[in-house]
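Heads up: the structure comes next, in structure tokens.
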């Protein structure tokens, strides 16, 4: 089952432009993570934001979290051709016991052309 | 440590055969996850372990799928009586999570299964 849902499904931009991807989820979470996947490769962790945080930065990445709207956004500034990949949000459901699984959305496919 | 490793990288099997995949997580990572991914989709959760205990299993997972993690180290995922619909990339990930919160998960390169 999918907890998160990314929007848009696909995004095409030019090098140097900013790319914004959104993620909506259904139930309360402990934290939310963003991952990148290059074609045919494994997933690589980008950034983790906890439920009590509202914004986080890492290099050219900026993530926001709005728990009242159950949504997050990933902004990639000054995009490069190397940013071409699929991007997934993953949520860690709020749990009382030993924790829950990391559940992924369907992803946004980003294409950056030079 | 070289990260999460999965074996084999590719597997072609005939329908009805059993297959077993192996995942070696990063040393001392207590959580281990199995996911299935088909083209154009996100990783679909199958099951996960905390140490040797299997804590959660997807309701979508049929009885033909079973996973083990003896001694809380490597894990195996077995699919019995494979069907063409089982063709997918099977991903393993591990993380060093504490209490009820997940942390960064590290993924292997996956095992691509093709059922003919």
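The values are calculated or read from the model by the stated rules, or taken from the named source; none is laboratory data. Please read these numbers as outputs of a predicted model, since none were measured by experiment. Quick reminder, even Gly has a Cβ in these numbers, built from the backbone with ideal geometry, and neighbours come from all protein chains shown.
The single condition from (1) exposed (fewer than 15 other Cβ atoms within 10 Å of the Cβ); (2) farther than 24 Å from residue A:44 by Cα; (3) more than 14 Å from chain A (Cβ to nearest Cβ) that residue B:27 fails is (2). Scanning the stretch A:19-45 for residues that are surrounded by fewer than 19 Cβ atoms within 10 Å (Cβ to Cβ), in contact with a strand residue (DSSP E or B) (Cβ under 6 Å, 6 or more places away or on another chain) and under 14 Å from residue A:83 (Cα atoms) yields A:20, A:38, A:44, A:45. Among the residues of the stretch A:8-57, write down those that are more than 13 Å from chain B (Cβ to nearest Cβ), at pLDDT below 95 and part of a strand (DSSP E or B). Scanning the stretch A:8-57 gives a single hit, A:24. Of the residues making up the stretch B:96-111, those that are modelled with pLDDT of 90 or more, within 9 Å of chain A (Cβ to nearest Cβ) and part of a strand (DSSP E or B) are B:106, B:107.
Evaluation of residue A:6 against the conditions (1) more than 26 Å from residue B:36 (Cβ to Cβ); (2) in contact (Cβ under 8 Å) with a residue 24 or more places away in the chain shows that the sole unmet condition is (1). Output yes when any residue across the stretch A:60-77 is at the interface with chain B (Cβ under 10 Å from one of its Cβ atoms), on the phi < 0 side of the Ramachandran plot and part of a strand (DSSP E or B), and no when none is. Scanning the stretch A:60-77 turns up no residue that is at the interface with chain B (Cβ under 10 Å from one of its Cβ atoms), on the phi < 0 side of the Ramachandran plot and part of a strand (DSSP E or B). Looking across the stretch A:39-63, not a single residue is in contact with a helix residue (DSSP H, G or I) (Cβ under 9 Å, 6 or more places away or on another chain) and in contact (Cβ under 8 Å) with a residue 24 or more places away in the chain.
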